[in-house]
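Undergrad: Structure in structure tokens, see below.
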Amino acid sequence: MADKKARLTIDGLDEAIELPVYSGTEGPDVVDVRPLTGNGRFTYDPGFVSTAACESKITYIDGGAGVLLHGGYPIEQLAEHSDYLEVCYLLLNGELPTPEQKEEFVGTIKRHTMVHEQMSDFFHGFRRDAHPMAIMVAVVGALSAFYHDSLDIDDAYHREVCAYRLVAKMPTIAAMCYKYSIGQPFQYPRNDLNYAENFLHMMFGNPCEDYKPSPVLAKAMDKIFLLHADHEQNASTSTVRLAGSSGANPFACIASGIAALWGPAHGGANEAVLTMLEEIGDESKIEEFVARAKDPNDSFRLMGFGHRVYRNFDPRAKVMKQTCDEVLAELGIEDEPLLKIAKRLEQIALEDEYFVQRKLYPNVDFYSGIILKAIGIPTTMFTVIFALSRTIGWISHWNEFHSSPNKIGRPRQLYTGPSKRDYPA
Ligand code: CMC
């Protein structure tokens, strides 16, 4: 595989170390640093800024060019011509399905949408005001205790069944988190609806009246799922891979991904965007908040701006912005005060020297938060919806990890604590 080599000279070593260099199908070459260990050296890369931790065929991102490909297909094309479940198939299998394969896949997912009836007992152990992410991380972890017939991680069929179950049950669990928080009965899934419609039904339906999801809102919901489906080795996906590397239960691994996603620097950003817009409250206060974001002595950041990988624009944000406009037009709420603040912030960020210089563009979560609010989804559910959408990415990476020879993940460290010393006698 290594057609090139790098030579590294290090002070204190007599000879240069020869390191293999690998080329992928896209992206920069990677230098295999494993020979360093035999020479008594480690690499140091906090935040994994320049470390490729694995080989993967699922998703490719070129942050500089604003490119995101799943199985080679650009995200803009998938958003226009495909749908969430088709993208799930693509991420799991590496190829788009034929019409027959798609029908079978969709049918399989529909047959797994219910959760074990006893799972509802877990919800009742939580306070009604618990954050839905707190409930979700626990309930998804608890799936480990329910589905014992598909836990052989070395069996490809078992791994597949796990993936189906997760993709199918996440909307049910997410909606249950919401229903519990507002004291309404859980809604059973409806298999006559498509994936996004069924989610909206479980969120907004109740036993007293039929809920008819608007096609525009269902399409927007599907797009939110699709645009969040996978994003290669981000913090939560890397967490799932690392947890999975020990051979842990797959549902527990996904729960670890949900935990990693929760933070405001990652999936929690969509919730943080709305909280920030509400805190700003009025267009007259925008300048003050922008000044705070620019102040190096203030830890405040404009939520929904910037990305570790995208240094040009976030291609998902472009599609999301268009969906956002469609949803607001459908609902007739284009001049809502929070939206005015959002639009003004977007304009400032695109023009202000500070943001332009640091390439801090609105990211996917800037617009998804606005859409979700317009659909009527409470802010605390935003990250839950991100988790639902990203589950396919997590399980696809977990599956890829277990499909080839692998090693437990075990980073090293630069130790800067006290040297060995004796316990005071
Ligand atoms: N507002 C103000 N300044 C910012 C922001 C922001 N949102 N993001 C980065 N900066 C500044 C930062 O202070 C630094 O300035 P300087 O060079 O003067 O010290 C510079 O830009 C580079 O920032 P960084 O922290 O080195 O960048 P990073 O790659 O480590 O962080 C990030 C990426 C997404 C965590 C960060 O941009 C951020 O906190 N954004 C807000 C939270 C957010 O929207 N997160 C969602 C990401 S998209 C969804 C997902 O993939 O999970």
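The values are calculated or read from the model by the stated rules, or taken from the named source; none is laboratory data. Note that the structure is predicted; figures quoted are calculated from it, not measured. Using ideal geometry, Cβ is built from the backbone for each residue, glycine included, and neighbour counts are taken over all protein chains shown.
Undergrad: Using beta carbons and a limit of 8 Å, which pairs, at least six apart or on different chains, have the first residue in segment 114-128 and over 17 Å from Leu166 (Cα atoms) and surrounded by 13 or more Cβ atoms within 10 Å (Cβ to Cβ) and the second one among the small types (Gly, Ala, Ser) and at pLDDT 90 or above?
TA: What qualifies is Phe122/Ala138; Phe122/Ala142; Phe126/Ala134; Phe126/Ala138.
Undergrad: Something else now. Taking the options Leu388, Leu372, name whichever one is part of a helix (DSSP H, G or I), modelled with pLDDT of 95 or more and under 24 Å from Leu217 (Cβ atoms).
TA: Result: Leu388 is the single residue among Leu388, Leu372 that is part of a helix (DSSP H, G or I), modelled with pLDDT of 95 or more and under 24 Å from Leu217 (Cβ atoms).
Undergrad: Restricting to segment 324-337, count the residues that are buried (at least 20 other Cβ atoms within 10 Å of the Cβ) and either farther than 13 Å from Ala374 by Cα or more than 16 Å from the ligand (Cβ to nearest atom) (or both).
TA: Counting residues in segment 324-337 that are buried (at least 20 other Cβ atoms within 10 Å of the Cβ) and either farther than 13 Å from Ala374 by Cα or more than 16 Å from the ligand (Cβ to nearest atom) (or both) gives 1.
Undergrad: Limited to segment 52-73, what total is found for residues that are part of a loop (DSSP other than H, G, I, E, B), within 16 Å of the ligand (Cβ to nearest atom) and modelled with pLDDT of 95 or more?
TA: 1
Undergrad: Let me ask another. Out of the residues in segment 25-61 that are small (Gly, Ala, Ser) and closer than 19 Å to Lys407 by Cα, which is farthest from the chain's Cα centre (by Cα)?
TA: Selected residue: Gly38.
Undergrad: Still on this model: So, in segment 52-80, how many residues would count as being out of contact with any strand residue (DSSP E or B) (no Cβ under 9 Å at 6 or more places or on another chain) and surrounded by 15 or more Cβ atoms within 10 Å (Cβ to Cβ)?
TA: Result for segment 52-80: 6.
Undergrad: Output yes when any residue across segment 39-50 is assigned to a loop (DSSP other than H, G, I, E, B) and closer than 30 Å to Lys223 by Cα, and no when none is.
TA: Yes, because at least one residue in segment 39-50 is assigned to a loop (DSSP other than H, G, I, E, B) and closer than 30 Å to Lys223 by Cα.
Undergrad: Tally up the residues in segment 314-349 that are within 24 Å of the chain's Cα centre (by Cα), among the acidic types (Asp, Glu) and either within 17 Å of Ala291 (Cβ to Cβ) or in a helix (DSSP H, G or I) (or both), please.
TA: So the count comes out to 3.
Undergrad: Same structure again: For segment 350-361, check the following and say yes or no: at least one residue is at pLDDT 90 or above, away from the ligand (no atom under 13 Å from the Cβ) and assigned to a helix (DSSP H, G or I).
TA: The answer is yes; a qualifying residue exists.
Undergrad: What pairs can you find where one residue is in segment 24-37 and under 16 Å from Gly63 (Cα atoms), the other is of a type in the set (Gly, Ala, Ser) and surrounded by 13 or more Cβ atoms within 10 Å (Cβ to Cβ), and their Cβ atoms are less than 7 Å apart, with a gap of 6+ or different chains?
TA: Asp29/Ser23
Undergrad: Continuing with this model, one more query. Looking only at segment 258-279, decide whether some residue is within 26 Å of Thr51 (Cβ to Cβ), in a helix (DSSP H, G or I), away from the ligand (no atom under 12 Å from the Cβ) and out of contact with any strand residue (DSSP E or B) (no Cβ under 8 Å at 6 or more places or on another chain).
TA: yes
Undergrad: Also, I was wondering about something else. Quick one: which of His402, His397 is within 16 Å of the ligand (Cβ to nearest atom), touching a residue at least 12 places away in the same chain (Cβ under 8 Å) and assigned to a helix (DSSP H, G or I)?
TA: Within the list His402, His397, the selection yields His397.
Undergrad: Still on this model: For the list (1) of a type outside the set (Ser, Thr, Tyr); (2) under 14 Å from Val273 (Cβ atoms); (3) under 21 Å from the mean Cα position of the chain (by Cα); (4) surrounded by 20 or more Cβ atoms within 10 Å (Cβ to Cβ), I need the number of the one condition that Val384 fails.
TA: Condition not satisfied by Val384: (2).
Undergrad: Let me ask something additional. Go through segment 193-248 residue by residue and tally those that are part of a helix (DSSP H, G or I), in contact with a His (Cβ under 9 Å, 6 or more places away or on another chain) and among the hydroxyl-bearing types (Ser, Thr, Tyr).
TA: Counting residues in segment 193-248 that are part of a helix (DSSP H, G or I), in contact with a His (Cβ under 9 Å, 6 or more places away or on another chain) and among the hydroxyl-bearing types (Ser, Thr, Tyr) gives 3.
Undergrad: Out of Arg301, Arg311, Arg292, Arg316, which single residue is within 13 Å of the ligand (Cβ to nearest atom) and touching an Asp or Glu at 6+ places or on another chain (Cβ under 6 Å)?
TA: One residue alone meets the criteria, Arg292.
Undergrad: Okay, moving on. Run Leu36 past the list (1) loosely packed, with under 10 Cβ neighbours inside 10 Å; (2) not in a loop (DSSP other than H, G, I, E, B) and report the number of the one that doesn't hold.
TA: Only one criterion in (1) loosely packed, with under 10 Cβ neighbours inside 10 Å; (2) not in a loop (DSSP other than H, G, I, E, B) is unmet by Leu36, namely (1).
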